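Enquirer: Below you'll find the structure I mean.
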Amino acid sequence: MVELDPVGGITDSARIQQALAKIKELFPDYVFFFDADAGGFGQDIRDLLIRAIEGKFTTARFDAEYKQTKYYKETADKVKSWNAKTPAQQSEETAKELANLQADYADLFDFEGADKIAADIAKNVARLGLTGNRLKNFVYAESLRLKP
């Protein structure tokens, strides 16, 4: 059993590892919330996951509480899907989008330092699942905003 301190944090590194192993086993799609940034929504989901393994939540109870989190309510489905992917899957999708951007918008990225900007834009295009006019508008707006 994982002990929690009064404010909800796990008290020592051994227990953190034990909790994380249990979360990986029971809730593998949510492990990324224990990464450093976790999309800015990590704490409420981390707290829920700890409570879920502590309280031996059923899937139905976990799902019900998850749907009440700020992350669930405020994050687009495409972004949630992106966040749940492994870093390798994210890199692969970003590389595909980068190749498309470089082919379709080469004239926007013909200055020194453009590779980094194009890679950042490609990552966001993949994360947001942009296509069509939304893609075009985003690429142009971001290239203008980020260009030195």
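The values are calculated or read from the model by the stated rules, or taken from the named source; none is laboratory data. As the structure is a prediction and not an experimental result, all values here were calculated from the model. Every residue, glycine as well, gets a Cβ built from its backbone with ideal geometry; the counts of neighbours run over all protein chains shown. Surface accessibility is based on the protein's heavy atoms, side chains included, excluding ligands, DNA and RNA. Shrake-Rupley method; radii C 1.70, N 1.55, O 1.52, S 1.80 Å.
Enquirer: 7 Å from Cα along Cα→Cβ at both Ser81 and Asp120: what's the point-to-point distance in nm?
Expert: It works out to 2.6 nm between the two label points.
Enquirer: Using a 1.4 Å probe on the protein heavy atoms, what percent of the accessible area of the stretch 32-148 belongs to carbon and sulfur? Don't jump to the answer; show the numbers that get you there.
Expert: On the way: 3580 of 7130 Å².
Carbon and sulfur atoms account for 50 percent of the accessible area of the stretch 32-148.
Enquirer: Whole number in Å², please: accessible area per residue of the stretch 24-148, 1.4 Å probe, ligands, DNA and RNA not counted.
Expert: Heavy-atom SASA per residue in the stretch 24-148 reads 62 Å².
Enquirer: Rounded to the nearest Å, what's the spacing between the alpha carbon centres of the stretch 47-86 and the stretch 114-131? Just the number, please.
Expert: Cα centres, the stretch 47-86 to the stretch 114-131: 26 Å.
Enquirer: With a ≥ b ≥ c taken as the square roots of the eigenvalues of the C-alpha gyration tensor of the stretch 45-112, please select rounded if a/c is under 1.5 and otherwise prolate if a/b is larger than b/c or oblate if it is not?
Expert: Values: a/c = 4.06, a/b = 3.13, b/c = 1.30.
Prolate, because a/c is 1.5 or more and a/b exceeds b/c.
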